[in-house]
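Participant: My questions will all concern the structure given below.
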Amino acid sequence: MRVAVVGGTGPFGIALAIRLREAGVEVVIGSRDHDRATAAAAELGAEGATNETSVRSADLIVLAVNADAALHTARELRKAIGATPVLSVASELRFTKGGVLPSPEAASLAERAQEELDGPVLAGLHSLAAASLGGEEPPDEDAFVCGDDPDAKALVLELASRLVSGRALDAGPLASARALEGLTAVIVNLNKRYRSHAGLRVTGIG
Ligand SMILES: NC(=O)c1ccc[n+]([C@@H]2O[C@H](COP(=O)([O-])OP(=O)(O)OC[C@H]3O[C@@H](n4cnc5c(N)ncnc54)[C@H](OP(=O)(O)O)[C@@H]3O)[C@@H](O)[C@H]2O)c1
């Protein structure tokens with residue numbers, strides 16, 4: 001499988017690429033800037049390319065740009081992406097004096113990205129912090145994935161199962177992305193309050 005990580009030069013994209021490479025997955029790091037992509041990729045033994053080139057040859061695309069850039073990046077790459085499945089990992093957060101807040105938008109970023117794209121959009125991996133994902137070992141956490149296309153979801157769940165030592169769990173339809181994205185605000189608040197690196201594992205699933 002060949003995975004393009006759009007915006008893969010950031011901490012999350014790099015951490016994801018480390019785990020994917022370790023699992024034997026072919027990775028292309030995408031960036032707006034070709035040289036930035038190749039420099040980041042060289043350190044991982046991966047390939048680097050502009051975002052647009054990276055998505056053209058991929059079986060799966062991870063939209064790992066800064067959350068504020070997710071929708072316009074999806075719009076810009078629409079033609080190049082075509083029918084290839086896209087995994088959205090972004091959460092829009094608002095940092096206030098009172099704490100970190102989830103987005104006030106009714107629809108998730110992933111659902112809004114779906115409106116910009118022709119192929120299926122999935123959402124997942126939001127609860128995996130870059131620092132945990134890119135550590136020595138796969139994080140002892142579960143990974144959550146939601147989406148409406150069964151084949152694309154199966155592909156992403158299979159991939160997600162290689163990223164964590166916990167389980168890759170099917171969290172339902174794409175509309176569940178509202179909860180997954182909002183959960184990121186909860187995790188960041190926990191980390192601030194308890195000076196921790198919180199991760200998630202679900203109990204009661206065999
Ligand atoms: N960090 C975490 O722990 C974590 C955990 C789970 C999910 N996520 C999600 O994963 C995504 C990436 O997180 P991150 O911390 O790696 O983010 P980041 O460093 O803020 O951004 C990642 C990349 O996005 C690209 N980018 C920035 N502004 C852009 C713009 N205006 N237009 C197009 N591309 C732009 C940059 O790549 P180039 O300049 O090279 O193009 C940058 O390296 C986010 O959506 C975040 O919500 C993060």
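FYI, it's all coordinate maths here, none of it is from the lab. Please read all numbers here as calculations on a predicted model, not as lab measurements. Note that we place each Cβ from the backbone using ideal geometry, even for glycine, and neighbour counts take in every protein chain shown.
Participant: Given the peptides 90-96, 157-163, 120-126, arrange them by the average over their residues of other C-beta atoms within 10 Å, most packed first.
Facilitator: Ranked by mean Cβ neighbours within 10 Å, highest first: 120-126, 157-163, 90-96.
Participant: A further question follows. Enumerate the whole-percent occupancy of each 10 Å bin, from 0 to the last occupied one, for all C-alpha pair distances of segment 153-206.
Facilitator: Result, from short to long distances: 20, 44, 33, 3 percent.
Participant: Same structure, new question: Only Cα pairs under 8 Å and at least 6 apart count here; give the relative contact order of the chain as a rounded whole percent.
Facilitator: Relative CO of the chain lands at 18 percent.
Participant: Quick check: pseudo-label points 7 Å beyond the Cα along Cα→Cβ at Asn191 and Asp68, how many nm apart are they?
Facilitator: So the two model labels end up 1.9 nm from each other.
Participant: Now for a different question. Mind listing the long-range amide H neighbours of Ala168? Cut-off is under 5 Å, sequence gap 5 or more, other chains count too, H placed in the peptide plane at 1.01 Å from N.
Facilitator: For Ala168, whose amide H was placed from the backbone, the distant partners under 5 Å are Ala143.
Participant: With N denoting the number of residues in the chain, provide Rg(C-alpha) divided by 2.2 N^0.38 Å, to two decimal places.
Facilitator: Taking N as the residue count of the chain, the ratio is 0.95.
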